[in-house]
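Read-outs: derived from the displayed coordinates by stated rules, not from any lab. Every value quoted in this text rests on a predicted model; they were computed, and no experiment measured them. Virtual Cβ from ideal backbone geometry, glycine too; neighbours counted across all protein chains shown.
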Amino acid sequence: MNNHMIFLLSNSKDATCDFVHSELLNRKIPCFRLNTDFAPGSVEFNFSDNTAELYVNKIPLRSSEVCCVWNRRPEKIFAGNFSTSIFDEFYRKEWKSSIESFLKLIPSDKWINHPQSNLAASSKIEQLVVAKKNGLEVPDSLVTQSKKDFDFFYEKHSCRIITKPLSHGYLPDEECIYNIYTNSVDAKKHNFNNLKDCPTFFQQMINKECDVRINFIDGYFEAFLLINKSNGTQQLDIRRDNMQNVQYKPALIPKDIQIKLSSMLMNYGLRFAAIDMCISKNGTWFFLEINPNGQWAWLDILGLTDFRSYFIKGMLA
Amino acid sequence: MPATFSAQFAEKKMFVTHNDSSVLGTQTITESLEGSDQDEGNSFFFGTATMTSTKEGSDQDCSEYFE
């Protein structure tokens, strides 16, 4: 039978991929997992007679057999296993090209999500522009290296400003992890000497009632209010402390918000996304960002959702 | 190397060893929540194209999909 295999593309340490993989095996749904941190010798690639085949531990897969690629968390091939010598690098590049050749033969509409769609949706600033074009409320935003521009913005929003990374603030080191969360900015307290050296992202601080996490797969939305208050004030960054004190409540997304989000996601070509929004004290839904390859499994693990089933349904569609 | 304004907000955390066990618990997944939405793998395949300036390499190396 052709075109029946779910291809899981990730790395060996990806717990979310394990979570889905185990369910696929339980349900006896044909699947094939490639961890890009595979050991040399465990994977083979073959192309002949116009047919590409990949073997993982001697088990073959033709690109034409794939009904869905879940582009989960692939990593650099052989990362850490080789020196930086030009011949080791060449070896890695040959492998890289081989696997990409296989993947290229799988049509983009069979991917969740295709890397180009993820990339298209990877700019926080561009997302804000697109969200606003689609009629969503977005926080007033500024990216600047100018203290003068910052001061104007700070006054404009009555000193209620937050800053957050434009890329991401997850900075793993060899022995520890640094995180740069969303933080409020105090013009008197913080040091602005380095502002001129690097563009910095500032936004008006929304007077939040709560955050909202929205998971989306192939037209299906699932939303939860994320509440973590201290003295009646919602935390600026809900991710702090591994979200241990967060309370969850199922949420109904207003129809007009759903339509606007759907339009955005369709334009990006995203079949899956995890969307961050917040609701202000006066009930306005603000768009914060789309995570085109965001986390969702923790809500299933907490027993709040069964998003995995919808995800698998999407994979089989 | 110049620093960033944002660096003053960096918070140090204990290193977390990720578990590759097929037996999952809440902890395994939530341990990585803080940073894992921001996925550097977004552009891992087919994502970026870098042109090389060398004539010898330019035919072969017009795309670096994996980085």
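Overview of results
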| quantity | calculated |
| --- | --- |
| Derived scalar couplings ³J(HN,Hα) [the stretch A:85-90; Karplus, 6.51 cos²θ - 1.76 cosθ + 1.60; whole Hz; x for Gly, Pro] | 4, 4, 7, 5, 5, 5 |
| Sequence-separation-based contact order of chain A, relative, with Cα cut under 8 Å and 6+ spacing, percent | 17 |
| Per residue, the convex hull volume that the Cα atoms of the stretch A:140-205 enclose (Å³) | 93 |
| Interchain or long-range residues, amide H under 5 Å from A:Tyr181's placed H | B:Glu11 |
| Tilt relative to chain A, helix A:147-156 - C-alpha long axis, 0 to 90 degrees, to 10 | 70 |
| Relative contact order (percent, whole number), the stretch A:72-217, Cα cutoff 8 Å, 6+ residue spacing | 22 |
| Helix-derived mean residue ellipticity, 222 nm - over chain A, DSSP H n ≥ 4, -39500 (n - 2.57), to 500 | -8000 deg cm²/dmol |
| Over chain A: Kirkwood hydrodynamic radius from C-alpha pairwise inverse distances, Å | 21.9 |
| Likely footprinting exposure, A:Ser12, A:Ser230, fewest C-beta neighbours within 10 Å first | A:Ser230, A:Ser12 |
| Sites A:Asn193 and A:Asn50, calculated FRET efficiency, Cβ-Cβ separation with R0 51 Å, nearest 0.05 | 0.25 |
| Förster radius 51 Å - calculated FRET efficiency between A:Glu175 and A:Asn207 (Cβ-Cβ, nearest 0.05) | 0.85 |
| Karplus-derived 3J(HN,Hα), 6.51/-1.76/1.60, for each residue of the stretch A:14-24, Hz, glycine and proline x | 7, 5, 5, 5, 4, 4, 7, 4, 5, 5, 4 |
| Rounded Å value of the spacing that divides the Cα centres of the stretch A:129-170 and the stretch A:1-26 | 39 |
